Amino acid sequence: MCGLNDGLSLKAELSFFRALVLQHTVILLLLTGSCGGQAQDAQPPLRMVTLVGEDVVLPCRLEPPLDAVSKSVEWARPDLEPRFVHVWHEGRDLLINQNPSYRGRTSVSIDKLKQGDLSLLLSAVKLSDNGLYRCYFPSKDKKTHVELVVGECSLHKICIMFLHNFSFLLPQITTGEKCLPQT
């Protein structure tokens, strides 16, 4: 069990952390710009920020919405070999060529696929998950790019968010109940 380092109550420390995360998120968006929808090849990728150990949804939607359950959806990282993070093909997961570092940590929702939502749930995020992801819908030749920015927090350290040439430093946070895993 983790303890509080500076005598602040758990509630005050969590409020401080939330305010700090909000502040840094706003700064991050102001510095890098934001993308309000589906990213196309000519647009910058949508950026998602998360911490090691958390679950994150990488967004990808068809416009207009189209039932994609019986179609193919490919989630990939071009910098990896094999590059496939998750493949949905004609009503089921096709994970034979999935990159081993993602085994058991990815999924798409059948209910959401019916509504044209191709988003990927990535569980138990690792620092190595940091990078550029591509969502590809072959039947319409639609691509969306999402950049995942992974931060790490651990005891007696600071939180670090890596984004291209920028590093954002956040103070170390402990919740009193849960500590994020060290990598």
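The values are calculated or read from the model by the stated rules, or taken from the named source; none is laboratory data. What you see is a predicted model; the values in this text were computed from it and never measured. Neighbour counts are summed over all protein chains in view; Cβ atoms, including those assigned to glycine, are modelled from backbone coordinates with ideal geometry.
Taken together, the residues in region 107-133 that are surrounded by fewer than 19 Cβ atoms within 10 Å (Cβ to Cβ), assigned to a strand (DSSP E or B) and of a type outside the set (Ser, Thr, Tyr) amount to 4.
Any residue in region 126-137 that is more than 30 Å from His89 (Cα to Cα) and either at pLDDT 95 or above or small (Gly, Ala, Ser) (or both)? Lay out the reasoning, then the answer.
First pass over region 126-137, keeping only residues more than 30 Å from His89 (Cα to Cα): none.
Among the residues of region 126-137, not one is more than 30 Å from His89 (Cα to Cα) and either at pLDDT 95 or above or small (Gly, Ala, Ser) (or both), which makes the answer no.
If the condition is being within 20 Å of the chain's Cα centre (by Cα) and modelled with pLDDT under 95, then region 94-114 contributes only Leu95.
Taking the numbered list (1) farther than 20 Å from Arg61 by Cα; (2) assigned to a helix (DSSP H, G or I) in turn, Ser139 passes all entries but (1).
Determine if region 72-80 includes at least one residue that is among the basic types (Lys, Arg) and out of contact with any Phe, Trp or Tyr (no Cβ under 7 Å at 6 or more places or on another chain). Full working, then the answer.
As a first pass, look at region 72-80 and keep what is among the basic types (Lys, Arg): 77.
With out of contact with any Phe, Trp or Tyr (no Cβ under 7 Å at 6 or more places or on another chain) added as a condition, the list becomes none.
No, region 72-80 has no match at all.
Return yes when Lys114 is within 15 Å of Cys60 (Cα to Cα) and charged (D, E, K, R) and no when it is not. Taking the combined requirement at face value, the residue satisfies it. Return yes when Val85 is in contact with a Lys or Arg (Cβ under 7 Å, 6 or more places away or on another chain), modelled with pLDDT under 95 and assigned to a strand (DSSP E or B) and no when it is not. No: the conditions fail for Val85. Taking the criterion of being surrounded by 13 or more Cβ atoms within 10 Å (Cβ to Cβ), under 18 Å from Tyr133 (Cα atoms) and free of Cβ contacts under 8 Å to residues at least 60 places away in the same chain, the residues of region 62-81 that qualify are Arg77, Leu80.
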